[in-house]
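One structure is given here, and the rest of the page talks about it.
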Amino acid sequence: MTNKPVIKLIDIKKSYFEGKSNELEILHGINLEVYEGEFVAIVGESGSGKSTLMNIIGALDKPSSGEYYLDDIVILKANDKQLSTIRNKHVGFVFQTFNLIGRMNAYKNVELPLIYAGVDSQKRKEIVNEKLKKVEMLDRCKHQPNELSGGQKQRIAIARAIVNDPSIILADEPTGSLDSKTSRTVMDLFHKLHKEEKCTIVLITHNLNLAEECERVITLSDGMITSTRKGTRYHEFN
């Protein structure tokens, strides 16, 4: 891990219905730094602001006030087109619901971010095959999403998330739809990527047991960070 923050949030606030009588502030001044190569868990009960914070970290939404730097990019100054490029190149998303495109096979799902990034076809083939091999899904590359199990879908989603070598992997409840055995496989893959590829991973979860496997556990409650501590089981995986 270096001393360079990949994510830097300064006094981030987020309100909905701004300027109206029913204005509702969800985040109440978040200060957070995530450093290159860290594996961080953000935990909290339903309604704590986890999803809102995730959307801001992933440049899917902008805060109402405060400052956000992703790889030293000032996110608040970016327009929609720039934000789309930032998401494509700097953030790898892994969602609970996989978000695979049903009409595309596994290979094409993984390839899609590279097409958006303008990578030529030969280079795309090399990268996609490499990433599918890394998640042990190369032999399933021609399968449609409906021909894959939940765990296989998530591994394809992880391959898609890392295909552009993003600055961060943002995983939102990635094991939430999986049984315990498959969840273990997926978490082991995250640990492998973190250890071997030095990936920076932000895991959003309500599962405290999984959070303890991470290097740092950040607890969110009522839109505020209430504690930051080391994961008690991180040493078991490193």
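Working ranking of peptides 116-122, 86-92 by packing, defined as the average number of other Cβ atoms within 10 Å per residue, highest first, is 86-92, 116-122. The C-alpha radius of gyration of the stretch 56-121, expressed as a fraction of 2.2 N^0.38 Å, stands at 1.29.
Positive end of the dipole of the chain (Cβ unit charges, origin at the Cα centre): among GLN154, VAL6, SER221, the Cα lying farthest that way belongs to GLN154. How much of the pair distance distribution for the stretch 100-238 lies past 24 Å, counting alpha-carbon pairs only, in percent? More than 24 Å apart: 34 percent of the Cα pairs in the stretch 100-238.
With θ taken as phi - 60° and the Karplus curve 6.51 cos²θ - 1.76 cosθ + 1.60 applied, the whole-hertz 3J(HN,Hα) list for the stretch 19-34 is x, 9, 5, 9, 4, 10, 8, 9, 10, 10, x, 8, 10, 7, 10, 10 Hz, x standing for glycine and proline. Across all C-alpha atoms in the chain, the radius of gyration and Dmax reach 17.7, 56 Å. Using 25 Å as the Cα-Cα cut-off, could you pick out the over-long pairs in LYS62/LYS108; LYS4/LYS230; LYS133/LYS230; LYS8/LYS125; LYS89/LYS134? Violating the 25 Å limit, Cα to Cα: LYS62/LYS108; LYS133/LYS230; LYS8/LYS125. By the rule of a C-alpha distance below 18 Å, with chain neighbours fewer than 8 residues away ignored, the aspartates and glutamates paired with LYS13 are GLU23, GLU25, GLU33, ASP61, GLU67, ASP222.
Can you list the equivalent-ellipsoid semi-axes of the stretch 180-238, largest first and in whole Å, using the square root of 5 times each Cα gyration tensor eigenvalue? Provide the component values of the computation, followed by the final result.
On the way: eigenvalues 86, 34, 22 Å².
Listed largest to smallest, the semi-axes of the stretch 180-238 are 21, 13, 11 Å.
Note on the stretch 1-100: semi-axes of the ellipsoid equivalent to its C-alpha gyration tensor, largest first and rounded to whole Å, are 22, 16, 16. Loop-located GluC sites (Glu not before Pro) across the stretch 71-145 with a Cβ neighbour count of 16 or fewer within 10 Å are GLU136, with loop assigned by DSSP. Rounded to the nearest 20 debye, the dipole magnitude of the chain is 700 debye, with +1 charges on Lys and Arg beta carbons, -1 on Asp and Glu beta carbons, and the Cα centre as origin. Between the stretch 167-238 and the stretch 113-159, the alpha-carbon centres lie 22 Å apart.
Distances between every pair of Cα atoms in the stretch 135-204, grouped in 10 Å steps from 0 to the bin holding the largest one, split as 19, 56, 25, 0 percent.
A short reminder: the numbers here are calculations on the coordinates, not readings from a lab. All figures in this text were calculated on a predicted structure; none of them were measured in a lab. Here the Cβ is made from the backbone with ideal geometry for all residues, glycine too, and neighbour counts use every protein chain on show.
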